[in-house]
Amino acid sequence: MFAPRPIIVIARKEFRERLRSRWVLAVAAVLATFALAIAWFGAAQQGAVGFRGAGVTIASLVSLVIYLVPLIALLLGYDAIVGERERGSLDLLLALPLSRAELLLGKFLGLGTALAATIVAGFGLAGLVLGRQFGGAGLVAYSEFVLSTLLLGLAFLSLALLISTLAANRVVAGSLAIALWFLFVLVYDLVLLGLLVATEGSFLGAAFPLLLLLNPADVFRVLNVMSLEDVRTLYGLATVMPARLADPRLQGAVLLLWIAVPLAAAWLHFRRAR
């Protein structure tokens with residue numbers, strides 16, 4: 001049973017610290033700048049520049065999100081618990097009428113709110129600029145893209161909190177966070193594609209679409225690209241993802257699991273830690 005007041009107090013503390021450090025404003029400005037730049041130059045390799053349709057713009061922004069948002073979320077939360085332990089403030093916090101579960105959940109909600117404010121502000125500003133080019137249906141698709149971006153960020157924030165409960169110190173936690181980013185963003189797809197090409201599809205076969213679900217970055221990519229009729233064939237995903245696995249409801253549910261499972265694992269370890 002969670003008491004809501006301690007959770008809210010911790011969440012407010014975490015969110016206010018990010019506001020005071022100007023973290024939210026700085027990262028939101030970076031996201032907005034990159035989003036507008038990519039929206040303008042996204043089709044440069046086809047010999048054209050300028051704002052295009054919503055589908056092409058979202059497809060271009062997917063790559064930006066996959067590289068940037070997981071890194072932001074991991075750096076935001078990797079020291080949430082281990083940092084308190086190193087500063088000696090963790091014992092003080094736990095001496096208060098506050099359970100470990102409430103502390104962890106408060107940290108997640110506060111950091112998640114800061115991350116959500118950053119994503120909504122950054123991509124919302126870009127959406128205001130691009131709104132006239134998108135039209136009504138395009139704005140709906142863009143809003144769904146922003147929502148899925150938030151889910152991806154929260155998934156990696158959950159992984160960051162898991163790292164923070166497992167690591168012995170901040171250096172180890174930071175190293176694990178960077179390693180996790182390399183694994184999910186760079187290495188995982190490279191290994192899968194290498195095996196698929198080297199074995200001409202015989203090694204992975206029908207398991208390939210299922211293996212994509214084990215990477216939240218791939219789930220985000222499939223969720224956004226497969227829902228856009230005019231761009232999904234350009235990514236080649238239409239040939240490897242069966243329709244039942246490409247269902248946006250399934251992909252959204254998998255992203256929610258990527259949020260819940262690492263957070264639950266962090267709580268199970270944190271409650272047993274000394």
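A short reminder: the numbers here are calculations on the coordinates, not readings from a lab. Being a predicted model, the structure only gives us computed values, none of them experimental. Heads up, the Cβs are rebuilt from the backbone with ideal geometry, glycines too, and the neighbour counts pull from every protein chain shown.
By count of other Cβ within 10 Å, fewest leading, how are R22, R100 ordered?
Values: R22 10, R100 17.
Going from sparsest to densest Cβ surroundings: R22, R100.
Each of A137, F41, V171 was scored by the projection of its Cα onto the charge dipole of the chain, and the greatest displacement toward the positive side belongs to V171; charges sit on the C-beta of Lys, Arg, Asp and Glu.
Taking the Cβ of each residue in E17, E144 as the centre, tally the other Cβ atoms inside 10 Å and list the residues starting with the fewest.
Values: E17 13, E144 16.
Lowest to highest Cβ neighbour count: E17, E144.
If you wrap the range 127-209's Cα atoms in a convex hull and average its projection over all directions, what's the area in nm²? Could you put the intermediate results ahead of the total?
Values: hull surface 35.7 nm².
So the mean shadow area of the Cα hull is 8.9 nm².
Only alpha carbons enter this Debye calculation for the chain, each as an equal point scatterer, and the log10 of I(q)/I(0) it gives at q = 0.14, 0.15, 0.16 Å⁻¹ is -1.02, -1.13, -1.24. Please report how far the C-alpha centroid of the range 241-256 lies from that of the range 4-18, rounded to the nearest whole angstrom. Answer, in whole Å: 33.
Taking the beta-carbon count within 10 Å as an exposure proxy, list R5, R18 from fewest neighbours to most. Intermediate results must be reported in sequence, preceding the final value.
Values: R5 11, R18 20.
The fewest-first ordering by Cβ neighbours comes to R5, R18.
Specify which residue in the list I81, V146, P97 is farthest towards the positive end of the charge dipole of the chain, using unit charges on the beta carbon of Lys, Arg (+1) and Asp, Glu (-1), about the Cα centre. My answer, from the dipole projection, is P97. Each Lys and Arg Cβ is given +1 and each Asp and Glu Cβ -1; about its Cα centre, the chain then shows a dipole of about 880 debye.
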